[in-house]
Amino acid sequence: MTTHRVSKNFLKVLVSPEDPDVDIIAVHGLNPTNTEFHAEATWTVEDKLWLRDFLPPQLPSARVLLFGYNANVAFETSIAGVREQAINLLNRIASKREEAEERPIVFVAHSLGGIVVKRALVEAKLDDSYKSIREATYGIAFFGTPHQGGNFAKLGDIAASIIRGVLRNPSSTFMEALKKDSLFSDTLVGDFRHQLEDYHVLSFFETLPMGRLGLIVDQKSATLGLAGLRERQIPMDADHTGVCKFRSADGDDYEQVSFNLVRLVKSAVKATAERARIASLSVPSSRPLSEAASVDTVTKSLLSHLPYAVDAPFNTYSRQHDPTCLPDTRVDLLREIYTWADGKDGRFIYWLNGLAGTGKSTIARTVARKYFENGQLGASFFFSRGGGDVGHASKFFTTIAVQLARKSQSLQRYIGDAVRKNADIATQSLGDQWRQVVLRPLSKLSGDSYPSSYILVIDALDECDNDDDIQTILKLLAEAQTFQTIRLRVLLTSRPEIPIRHGFYQIPEAEHQSFVLHHISPSIIDHDITVFLKYNLGLIGQKKPSLSASWPGEGTVKQLVQIASGLFIWAATACRFIQEAERVFLIRKRLAAILQIGSSIVGEQPEKYLNEIYTTVLRHSIPAKCSEEEKEEFLSMLRDILGSIVTLLSPLSIHSLSRLLNFQSGEVDDCLEDLHAILDISRDHTRLLRLHHPSFRDFLLKKDRCNDSNFWVDEKPANETLAARCIQLMSTSLKEDICGVTIPGTLVADIKRSRVEQCLPLEVQYACLHWVEHLRRSDAQLRDNDYVHQFLQNHLLHWLEALGWMQKISEGILEIISLESIVSVVNCLSLYGTDLGRGYGTTLQTLEGHSDSVKAVTFSPDGKQLASGSHDMTVRIWDAATGATLQTLEGHSGWVNAVAFSPTTVRIWDAATGATLQTLEGHSDPVTAVAFSPDGKQLASGSYDMTVRIWDAATGATLQTLEGHSGPAYAVAFSPDGKQLASGSYDMTVRIWDGYGSNAADSRGPFGPVNAVAFSPTYGSGTATGATLQTSRAIIRSSAVAFSPTVSSWRPVLTYSTDLGRGYGTTLQTSRPSLWSRRRLLADGKQLASGSYDKTVRIWDAATGATLQTSRPLIGQRRRLLARR
């Protein structure tokens, strides 16, 4: 390589695709030997310049440019020289982009080259001639650039270390300038900090020392400390000069760089395209772009991705015929509800509860209609068990948010912003969904511009299929009390079931109002039912002129009111039963049959009258003119159909139900022809078939209510029948490449939903989603080579492929886990041996959600949940089975370096709601490790402040502060008996604290910082010998270890001990997670979890060291696999 006294100044193109969509501009730092090719050498190892040789295949449309300048002269003259080169850079960029000023820019800068980039962007802000460059800049990738002082040095001293490391004889003026921090004046730092929110930043920092100079630019100095997704901080296994050089495209460090840089560049291209699309819209000049284009297009696009339960609103198409209260009925009650809704007292929840059939839903629809028409209805959600999306709570808050977003452009924008910042909000916990897309957007509204209050109407909460979700919803709704500028009033109806009663016990009486429908005066209820009967029977009389004008007469109406016994559903069913008779003599016959109910069960409870009318309707559906054999055949078919309808987990149409049950076309319709009184049957056989009222399901499934054996449905055999029919349908429908995708690598998201629905009709999708649950509910005994085993042998991969096209892989995982739980090893040795959950790849779950490095993970004691701490300053609680986010715990103002579950009921966070139970303050530097004592009463924490603290977990009080380490305390662990505490430190020692008050043993390790400590399960007070229980050689890449707690399978993981008698002198398994990681064992000791700076969570097999799960976000690749298998 030729050496020159002066380096050339240039901006040359390294990679130039035919039609580039982004510019990547690389800027080097100091030139140690003042050579001509230093710009290239900065990024090169063994003739491999990764920007030219490795990156283009991943970014084929990116133009890559290399900036060269005399860095030594620039930095020797300090500020003036840097400014000159910054303007030099801007001028050269401008000349290269004259024909494409809109093309996005991503800078890549090493060391002090990052200072040049920052100065250039500051100059571009000050000089409008460079405005296009500043606006086109989307992000910057800094490699070892010092932005601020580090843990042990000022910014100028850090820069001086860089100079000494790369320049042999730095001038005295240069060093003096650095010591005064003139190069990094407050002006530059301040000017650039004002622009931080304009850019997305990648901060790569070194973790290896540079010879005797040590670590030159540590993490604190090399990162800007931006919140949220604006900055990603990535550690590199390299020193200062090697942090941006890579020998191979397959190396771990390059993999991290390329993954993050490619994502940044693609985001830049996407953002630019979106801006161009918005700019191309025709926006009236009187409206600002943010209100017209952004709200009307971009935000609506974001909101369209929120899961939405179509059948939830009170006025959805499927509910258009559901009645509201008739005039002159429910007068006093409605007046009370309206007074409450319009009032200003603290009772923001109105609980209307009553027995089945007392008219709760009709009242809810009436209230919703009134406030919908005056603009104050914020949203409505009508639950219905077995109704698909309205039978559970997973889409509850997102559906509420979508409806609220339609109320105003401001709400639309606020909710859209929340979705933009939390792309995975739909998979997060109910608490996170509530706060992110409902509570916070509403709290930003000004009461002057919007209605003083919004009404939420939630009907039949007891129909939600999960009692825990019901209580969580009530607990979260109580937070609406915190609004200042706008009031949220919640009308909630339900039966008085235990979970709901318990939920309201937790809400102060001053914050909610209750009304019990079945406690209303009988005379008032009878009056309202009288009005209802006269109105509906009058409509029947109008259609049949041959009936007298006074039909059915006051006496008959009075009899019917008495039989109704306060149940509106009885009256409604009676009217529908009479109405569906087409001839007058049948009308009179059916009315007589209903009146007969009153004479046969006088004085019984209201439920008995409801049972009788259901029985009457069913008996009248049996064909009159048929033989006994035909009658039995009809009843058998009717039981099959009705049993399926009431046990379905989501509704189907007559057409889909016919296919699922394998009935001939028209057979289902014929059987249900005379059951319109209890079923909502549309003439359009593709419309969903629904019950008029959930009480019919209760009646049909309970033998003590349905006394006629011709109609009673035994729930377990009904579920087994459905499971068998589901498997039969899948066996004849599923096949490889069912959607006919001929192009390998096609993503699920790229296939139109209409095509998926055509290839996988509704009934097939139902079968794929629910067959295992029906099997589980049936209590069927599975055996080898039975129909279930044969289906799995022949169609398992076809089923998984179908779930992939349906975007229901998480549900499929739950199905597999559920199936494993019901397979008997005795009866199903072959099936059990297939190891369903793990036999088709090593990845069980991909846990995505953190926006930065995962620093710590731990399993809950029962193994059902997993907690992770991250540099994004949050803790996430995951469902270990499905990978779904259960909670996002916010509150830390710095990196979360350690997490732990309490072994008892004491929690620092409430895992149901995400509320902070205790905030433990006292350390003067970041906390690096935490551990609960075995009884859960105490918590130990280690910190960069070189101390270990013992806390009272219940009160948060500091019990003791243990001092003695001369470096950060990286690890803490209690002994099994709780009497001793071990701590490991950067000072290369392990200390065992006896009774926490004195240092019982102090052992110095021979290899380096101690990142983890763990007691053996049988450790007792007599073992405080000072032996090194963990060495950094064994865990050079690990920050935590743990022993399996199962007595029968105690084994150390990555431990070393001088106590060879215990058998822990050798490493049993060495798993190698990427970079520095934190590990915890699952409660049964069979699996180990690790969190890493590489932004992955990995699950390891503790016995073999094999990776079971890796969270690296390879969504597209996984989808392609599922789509093609």
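Pick from 385, 420, 406: which is open to solvent by 40 Å² or more (accessible area, probe 1.4 Å), closer than 22 Å to residue 488 by Cα and not assigned by the TED database to the domain that holds residue 888?
After applying the criteria, what remains is 406.
From the list 547, 537, exactly one residue is part of a helix (DSSP H, G or I), surrounded by 15 or more Cβ atoms within 10 Å (Cβ to Cβ) and of a type in the set (A, V, I, L, M, F, W, C). Which is it?
537
Could you pull out every one of the helices (runs of 4 or more DSSP H) wholly within segment 605-671 that has 3 or more residues that are exposed (fewer than 13 other Cβ atoms within 10 Å of the Cβ)?
Because the criterion is at least 3 residues that are exposed (fewer than 13 other Cβ atoms within 10 Å of the Cβ), the helices (runs of 4 or more DSSP H) in segment 605-671 that meet it are 628-647.
Check 524, 529 and return the single one that is assigned to a helix (DSSP H, G or I) and open to solvent by less than 40 Å² (accessible area, probe 1.4 Å).
Just one listed residue meets the conditions, 529.
Among the residues of segment 322-357, what is the count of those that are open to solvent by 20 Å² or more (accessible area, probe 1.4 Å), among the charged types (D, E, K, R) and either in contact with a Lys or Arg (Cβ under 9 Å, 6 or more places away or on another chain) or not in a helix (DSSP H, G or I) (or both)?
Qualifying residue count for the region: 6.
Do the conditions hold for residue 769, that is, is it within 22 Å of residue 738 (Cβ to Cβ) and either touching a Lys or Arg at 6+ places or on another chain (Cβ under 7 Å) or aliphatic (A, V, I, L, M) (or both)?
Spelling it out, residue 769 is indeed within 22 Å of residue 738 (Cβ to Cβ) and either touching a Lys or Arg at 6+ places or on another chain (Cβ under 7 Å) or aliphatic (A, V, I, L, M) (or both).
Would you please list the contacts, defined by Cβ atoms under 8 Å and residues six or more apart or on different chains, that run from a residue in segment 398-418 that is at pLDDT 90 or above to a residue that is open to solvent by 10 Å² or more (accessible area, probe 1.4 Å) and among the hydroxyl-bearing types (Ser, Thr, Tyr)?
Close Cβ pairs (under 8 Å, with a partner that is open to solvent by 10 Å² or more (accessible area, probe 1.4 Å) and among the hydroxyl-bearing types (Ser, Thr, Tyr)) amount to 398/308; 399/308; 402/308.
Could we say that residue 698 is open to solvent by 50 Å² or more (accessible area, probe 1.4 Å) and not basic (Lys, Arg) here?
Judged against the criteria, residue 698 is not a match.
Of the residues 987, 935, 945, which single one is at pLDDT below 80 and among the charged types (D, E, K, R)? Steps first, answer last, please.
Numbers: 935 fails: at pLDDT below 80; 945 fails: at pLDDT below 80.
Answer to the selection: 987.
Could you tell me whether segment 430-441 includes any residue that is of a type in the set (A, V, I, L, M), open to solvent by 10 Å² or more (accessible area, probe 1.4 Å) and in a helix (DSSP H, G or I)?
Yes: one or more hits.
Picking from 789, 798, which residue would you name as being open to solvent by less than 60 Å² (accessible area, probe 1.4 Å) and under 25 Å from residue 658 (Cβ atoms)?
798
Considering only residues that are assigned to a helix (DSSP H, G or I) and open to solvent by 50 Å² or more (accessible area, probe 1.4 Å), which ones fall in segment 737-762?
Residues satisfying the conditions are 749, 750, 753, 754, 755, 757, 758, 762.
Please determine whether any residue of segment 585-604 is touching a Gly at 6+ places or on another chain (Cβ under 6 Å) and either aromatic (Phe, Trp, Tyr) or surrounded by 13 or more Cβ atoms within 10 Å (Cβ to Cβ) (or both).
no
Collect the residues in segment 954-974 that are under 36 Å from the mean Cα position of the chain (by Cα), under 19 Å from residue 1015 (Cβ atoms) and either open to solvent by less than 20 Å² (accessible area, probe 1.4 Å) or β-branched (Val, Ile, Thr) (or both), keeping them in residue-number order.
Answer for segment 954-974, where residues must be under 36 Å from the mean Cα position of the chain (by Cα), under 19 Å from residue 1015 (Cβ atoms) and either open to solvent by less than 20 Å² (accessible area, probe 1.4 Å) or β-branched (Val, Ile, Thr) (or both): 969, 971, 972, 973.
The values are calculated or read from the model by the stated rules, or taken from the named source; none is laboratory data. Fair warning: this is a prediction, and the values are worked out from it, not measured in the lab. Reconstructed Cβ throughout: ideal geometry from the backbone, glycine too, with neighbour counts over all protein chains shown. Side chains are part of the model used for accessible areas, which takes the heavy atoms of the whole protein and leaves out ligands, DNA and RNA. Shrake-Rupley method; radii C 1.70, N 1.55, O 1.52, S 1.80 Å.
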